[in-house]
Amino acid sequence: DIAARHLHARHRLLQMLREVQASRSYVPEEAIQFFAHVLNLPIARVRGCVEFYSFLHTTPRGQFDVYFSDSVTDRMAGSQIVAKRLADRLGVTLGQPRADGRVTVSMTSCTGHCEQAPAGLVNGRVFTRMTEARIEKMASLIEHGVPASEWPAEWFHVDDGIRERGITLDTVIPPGEAIRAALARGLPATLDEVERSGLQGRGGAGFPVGRKWRGAFDTKGTHYITCNADEGEPGTFKDRVLLAKYADELFEGMTIAGLLVGAKKGYVYMRGEYEYMMEGLQTVLAERRAAGLLGENVCESGLDFDLRIHLGAGAYVCGEQSALLESLEGKRGIPRVRPPSAVKIGLFGQSTINNNVESFVQAAQIAWKGADWFSAHGEAKSRGTKLLSIAGDCQRPGIYELPLGTTVREVLARCGGENAKAVQVGGPAGTCVGRAEFDRRVSYADLSTGGSIMVFNDLRDMVDVARQFAHFFAHESCGFCTPCRVGTQMLKHYADKIADGQGTQRDLEQVSSIGEFVKAYSHCGLGETAPNTLLDTIKRFPEEYTSRLLAEADFVPEFDLDASVTESRALTGRHDQLDQIHSD
Ligand code: SF4
């Protein structure tokens, strides 16, 4: 049934597996064999896919599958406390289904609702602002088997979180008007306009959008348009608002790009945590098709273009462009070797324009209102405004649209974070700055960010913050290349050792040298940025590290040699007394 509904299309494998997971609470072996057979794929390919994505499981989950967001800022709001409270009340071990199959309680990476933390998911539905009182009630509802759809509606309420609007959030395009403006101006002239605006990719890397579109425009053959709506960077939640409230603008931007390069199809790759928005987005797509804004002969242009939405399944690395394309093809999200760029060889081996949600929204607005309107904001090398998702130790967390070039100090003043001692700009992969650098600017020329701004006050332990990020990257590394796969595990190990007060000066030096190695030799952006916070905090908050180091004389071995060779001793039957190491 599922395979037929997806037209036996291999690239929809992940979508099929998600549906099995949702209906069965896991993907059983017979489903793996079935999809391998009907899609004519190797079994290892299907099983590899199931094992790669953290929202897919090969063993049953509980009838109630509860995840708590484990972002640093969710933890600061008490996510671990409420998760443990629920697990205790229900008598479950975190991550393990209860023996009677009733419930599983787990932690997961950021769910994208940090300003309404502690947040999480129950059977795919997002809950926000969880409290210990609500946990008591939740435990009772689970014990009585009350479906999540009948739980109090206010638990699932998601605010838009908008605190400050700028030109983007103030510009609502009547459906079809940006496309018509682009067609009236001429599609090549609209490309000129996007180039002239200076719009740079809003995912954080800042590659000029117009140059990317020009590259695809100049490339012959079939084209695709893809939108990165995966925003998995902990602390980033601004695309959530654009998807919920500016879907028409997003689809206009993708459609204009599609008509420009002659693409017939586009895909929005949306993170699995945002599944609850799917129905609303499908409604907008249906309305646009009915109005002639998608499908055949878009806006009577003689050109065809349509869109589909695919859901991810809990893999941060799929925010990396080439990993996203792999995932859209129904595979594990392993980043590709680059070059060639996606503009040359992208989705299904064809030229692809991939931008994030904010980039497409702003491109549509530029097509409608012109380059000058947009480039009048921001600074010389970073034009326009940027949506920031601000969370942590500030009085007014939420979404702020500010001109690029705004200083960190100004950002803090607006969100009520004047007491900050550190600000993480750009999420765990970004830059951590201390008070001495609060006059630096949020812009592509200085502190670049896809949107995440995390605020930490004097009470926060920056070693612990860096440790949490080290755990995050070790968990999210896709394992493809050795520097990242092994390096992130080593960094996690050293971060734990130092944070637990067992590290020495030598361990600190090891972190720096391993960190530089991982940055230099990793295959993709995840590994290249994974050590950033450890390295930044060692540099900017050295006293927080050195104050907890052991003297060299108190050296603690990095691992227990005896414990490590126990298995081989058992296998070989050797128990030589002289090779034993005794700490006493
Ligand atoms: Fe995978 Fe990390 Fe290598 Fe990227 S750097 S390919 S995430 S192992």
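Please tell me if ALA87 is surrounded by fewer than 20 Cβ atoms within 10 Å (Cβ to Cβ) and assigned to a helix (DSSP H, G or I). Let's see the steps before the verdict.
On the way: surrounded by fewer than 20 Cβ atoms within 10 Å (Cβ to Cβ): no; assigned to a helix (DSSP H, G or I): yes.
No; evaluated as a whole, the condition is false for this residue.
Confirm whether ALA290 is farther than 20 Å from THR222 by Cβ, away from the ligand (no atom under 16 Å from the Cβ) and without any contact (Cβ under 8 Å) to a residue 12 or more places away in the chain. Yes, satisfied.
Here are some residues: THR488, THR504, THR537, THR533. Which one is within 15 Å of the ligand (Cβ to nearest atom), open to solvent by less than 40 Å² (accessible area, probe 1.4 Å) and β-branched (Val, Ile, Thr)?
Of THR488, THR504, THR537, THR533, the one residue that is within 15 Å of the ligand (Cβ to nearest atom), open to solvent by less than 40 Å² (accessible area, probe 1.4 Å) and β-branched (Val, Ile, Thr) is THR488.
State yes or no: is ARG467 more than 30 Å from CYS49 (Cβ to Cβ), open to solvent by 10 Å² or more (accessible area, probe 1.4 Å), of a type in the set (Lys, Arg) and not in a helix (DSSP H, G or I)?
On the way: more than 30 Å from CYS49 (Cβ to Cβ): yes; open to solvent by 10 Å² or more (accessible area, probe 1.4 Å): yes; of a type in the set (Lys, Arg): yes; not in a helix (DSSP H, G or I): no.
It is false that ARG467 is more than 30 Å from CYS49 (Cβ to Cβ), open to solvent by 10 Å² or more (accessible area, probe 1.4 Å), of a type in the set (Lys, Arg) and not in a helix (DSSP H, G or I).
Go through PRO483, PRO403, PRO428, PRO397 for me and flag whichever is within 16 Å of the ligand (Cβ to nearest atom) and touching an Asp or Glu at 6+ places or on another chain (Cβ under 8 Å). First the steps, then the outcome.
Values: PRO483 fails: touching an Asp or Glu at 6+ places or on another chain (Cβ under 8 Å); PRO403 fails: within 16 Å of the ligand (Cβ to nearest atom); PRO397 fails: within 16 Å of the ligand (Cβ to nearest atom).
None of the others qualify; the one that does is PRO428.
A search for C-beta distances below 6 Å between a residue of the stretch 440-452 that is farther than 24 Å from SER71 by Cβ and in contact (Cβ under 8 Å) with a residue 24 or more places away in the chain and any residue that is outside any loop (DSSP other than H, G, I, E, B) and not charged (D, E, K, R), counting only pairs 6+ apart in sequence or on different chains, returns ARG441/THR407; SER443/SER382; TYR444/GLN200; TYR444/SER382; ALA445/SER382. Being assigned to a helix (DSSP H, G or I) and under 16 Å from VAL72 (Cα atoms) is not true of HIS493. Among the residues in the stretch 103-120, are any under 18 Å from the mean Cα position of the chain (by Cα), of a type in the set (Val, Ile, Thr) and open to solvent by less than 10 Å² (accessible area, probe 1.4 Å)? Yes.
Looking at SER54, is it of a type in the set (Ser, Thr, Tyr) and under 30 Å from GLY417 (Cβ atoms)? Can you show your working first?
Numbers: of a type in the set (Ser, Thr, Tyr): yes; under 30 Å from GLY417 (Cβ atoms): no.
Here the answer is no, as SER54 does not meet what is asked.
Apart from one condition, GLU528 fits all of (1) over 27 Å from GLY206 (Cβ atoms); (2) open to solvent by 30 Å² or more (accessible area, probe 1.4 Å); the exception is (1). VAL126 meets all of the listed conditions (1) assigned to a strand (DSSP E or B); (2) without any contact (Cβ under 8 Å) to a residue 12 or more places away in the chain but one, namely (2). Within the stretch 208-229, one or more residues are surrounded by 23 or more Cβ atoms within 10 Å (Cβ to Cβ), at pLDDT 95 or above and among the polar types (S, T, N, Q).
Which is acidic (Asp, Glu), surrounded by 15 or more Cβ atoms within 10 Å (Cβ to Cβ), touching a residue at least 24 places away in the same chain (Cβ under 8 Å) and within 13 Å of the ligand (Cβ to nearest atom), of GLU476, GLU437? When all the criteria are applied, what remains is GLU476.
With the condition kept exactly as written, say whether any residue in the stretch 307-327 is surrounded by 18 or more Cβ atoms within 10 Å (Cβ to Cβ), within 16 Å of the ligand (Cβ to nearest atom) and without any contact (Cβ under 8 Å) to a residue 24 or more places away in the chain. Yes, because at least one residue in the stretch 307-327 is surrounded by 18 or more Cβ atoms within 10 Å (Cβ to Cβ), within 16 Å of the ligand (Cβ to nearest atom) and without any contact (Cβ under 8 Å) to a residue 24 or more places away in the chain.
Looking at the stretch 58-74, is at least one residue part of a strand (DSSP E or B) and basic (Lys, Arg)? Steps first, answer last, please.
Filtering the stretch 58-74 for residues part of a strand (DSSP E or B) gives 64-69.
Okay, now just the ones that are also basic (Lys, Arg), so none.
No, the stretch 58-74 contains no residue that is part of a strand (DSSP E or B) and basic (Lys, Arg).
Would you call ALA563 modelled with pLDDT of 75 or more, open to solvent by less than 70 Å² (accessible area, probe 1.4 Å), among the hydrophobic types (A, V, I, L, M, F, W, C) and not assigned by TED's automatic domain parsing to the domain that holds GLU509?
On the way: modelled with pLDDT of 75 or more: yes; open to solvent by less than 70 Å² (accessible area, probe 1.4 Å): yes; among the hydrophobic types (A, V, I, L, M, F, W, C): yes; not assigned by TED's automatic domain parsing to the domain that holds GLU509: yes.
Judged against the criteria, ALA563 is a match.
Note on the stretch 513-524: among residues that are of a type outside the set (Phe, Trp, Tyr) and surrounded by fewer than 18 Cβ atoms within 10 Å (Cβ to Cβ), the one that is nearest to the ligand (Cβ to nearest atom) is ALA520.
In the stretch 26-51, what residues are more than 21 Å from VAL317 (Cβ to Cβ), assigned to a loop (DSSP other than H, G, I, E, B) and open to solvent by less than 30 Å² (accessible area, probe 1.4 Å)? Working first, answer last.
If we filter the stretch 26-51 for residues that are more than 21 Å from VAL317 (Cβ to Cβ), which is where we start, we get 26, 28-43.
Filter once more, so that each one left must be assigned to a loop (DSSP other than H, G, I, E, B): 26, 28, 39-42.
Hits for the stretch 26-51 are PRO28, LEU39, LEU41.
Of the residues THR236, THR255, which is at pLDDT 95 or above, polar (S, T, N, Q) and buried (at least 19 other Cβ atoms within 10 Å of the Cβ)? Only one candidate qualifies: THR255.
Residue check: is ARG134 open to solvent by 50 Å² or more (accessible area, probe 1.4 Å), modelled with pLDDT of 95 or more and within 30 Å of LEU402 (Cα to Cα)? In short, no.
For GLY295, indicate whether it is in contact with a helix residue (DSSP H, G or I) (Cβ under 9 Å, 6 or more places away or on another chain), modelled with pLDDT of 95 or more and surrounded by fewer than 20 Cβ atoms within 10 Å (Cβ to Cβ). For GLY295, the condition - in contact with a helix residue (DSSP H, G or I) (Cβ under 9 Å, 6 or more places away or on another chain), modelled with pLDDT of 95 or more and surrounded by fewer than 20 Cβ atoms within 10 Å (Cβ to Cβ) - is met.
Condition check for SER443 on (1) more than 16 Å from the ligand (Cβ to nearest atom); (2) under 19 Å from the mean Cα position of the chain (by Cα): one failure, at (2).
The values are calculated or read from the model by the stated rules, or taken from the named source; none is laboratory data. In this text, all values refer to a predicted model and were calculated from it rather than measured experimentally. Ideal geometry is used to build each Cβ from the backbone, glycine not excepted, and the neighbour counts take in all protein chains shown. For accessibility, only protein heavy atoms count, side chains too; no ligands or nucleic acids. Shrake-Rupley method; radii C 1.70, N 1.55, O 1.52, S 1.80 Å.
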